[in-house]
Every structure is written in structure tokens, then in C-alpha cells.
1. Scan the stretch 1-58 residue by residue and report those that are at pLDDT 85 or above and assigned to a loop (DSSP other than H, G, I, E, B).
2. Hey, any hits in the stretch 61-81 for a residue that's in contact with a helix residue (DSSP H, G or I) (Cβ under 9 Å, 6 or more places away or on another chain), at negative phi and free of Cβ contacts under 8 Å to residues at least 12 places away in the same chain?
3. Are any residues in the stretch 117-167 more than 21 Å from Asn43 (Cβ to Cβ) and aromatic (Phe, Trp, Tyr), and if so, which ones?
4. Residue by residue through the stretch 140-167, note down the ones that are surrounded by 15 or more Cβ atoms within 10 Å (Cβ to Cβ) and closer than 20 Å to Ala60 by Cβ.
Amino acid sequence: MLLQKGRFTIKKISELEKLNEEKDGIKRIIDLEYMGKFEFEGNAVPISRMFIEYYKDEYAFIPVDIYNKNNEQMFFYFNKTLLEDKKESYLYEVAKRILERDFSLWEHINENSNITDFWWDLNGDYFIFFGDKKIELINYFIESCYKRDGEKVGIEKKLIKVGYKMK
């Protein structure tokens, strides 16, 4: 598990109009905390993002029965095809294991810390966040990156170029 912490640059999608477009033509709605050179120099962030984009039709926002101090429910943005053979409580158990290992997530739930808006597992290619208002922001981020990266064909070419075999 390699959790990348991030913040949204806006609180709701209606604020999108106040952001400027970046040189790649999309509006930057997330900022990632620098965790180490692997995430950036090793391309872990863009590769995970492209896997999520490529398989985005298989992803779903799945609520988990865990709440923060603001009574916001935990959500996973997760590849639902990976859950087909799992018990209904699988993501709850995943969340509990992450809480045991990641202090910032534990702190967010138990001490009402709002310094992080989402956690992105770069190895598992999924997001964790609290509150259904963030669903629109995650959707915008994935959809705009999907278009920028050349949709299915462009993403597949990029992933093959860096050594991944696609199905």
C-alpha cells in the first residue's frame, strides 16, 4: 500500500469556473502532498491515474460504514470487478487495516483533522475520501484526465510504452 495524500483546490464542483485552465487544458482541482521521489520520478502517480482512467467504467463509489467526526461517510472509488468474489464487508476490512497503518487517515476520523481531502492508493489504484460531495470532484478529475490522456486508445498506448501489457 502506497497512500498518496491530497487536497481539492475547490470544495464543490460549482466553484470550477473560478479556476484557471492549466497548459494541458484542464483545471487543476487536486494538489498532492510530496511524499518522496518514487511517486513522481517513478511515475507511480500518472501510471495509477491512467489505470483508473482506462478501467473507469468498472469503477464505482462504494460507501463503507465508517464515519469521520463531521459524520461524513467513508467512500472508496474502487474497481468493482475486483469485488465480485469478495464478501460485502471486504472494503470495510481493507479500511480497518489502512486505519491501523496510516496515521493521517486515523487522525482524520478520530481527531477531526481536515488537512487531507482524499487518500489515493497508488498500488491498488483507488481513492478513499469522506462525504458524498467529493464524488463530483473525483468524477471531474478522472473524466478530464481521461480526455487529456487520449481516452482509451491514447491511455493504452502510454501504458504499453512504459511496459504494461493490456488485456
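1. Thr9, Ile10, Lys11, Lys12, Leu19, Arg28, Ile29, Tyr55
2. Within the stretch 61-81, not a single residue is in contact with a helix residue (DSSP H, G or I) (Cβ under 9 Å, 6 or more places away or on another chain), at negative phi and free of Cβ contacts under 8 Å to residues at least 12 places away in the same chain.
3. Phe129, Phe130, Tyr140, listed by residue number.
4. Tyr140, Phe141, Ile142, Ser144, Cys145, Tyr146, Lys152, Ile155
The values are calculated or read from the model by the stated rules, or taken from the named source; none is laboratory data. It should be emphasised that the depicted structure is a prediction, and the values quoted were computed from it without experimental measurement. In this analysis, Cβ positions are derived from the backbone assuming ideal geometry, glycine residues included, and neighbour counts consider all displayed protein chains.
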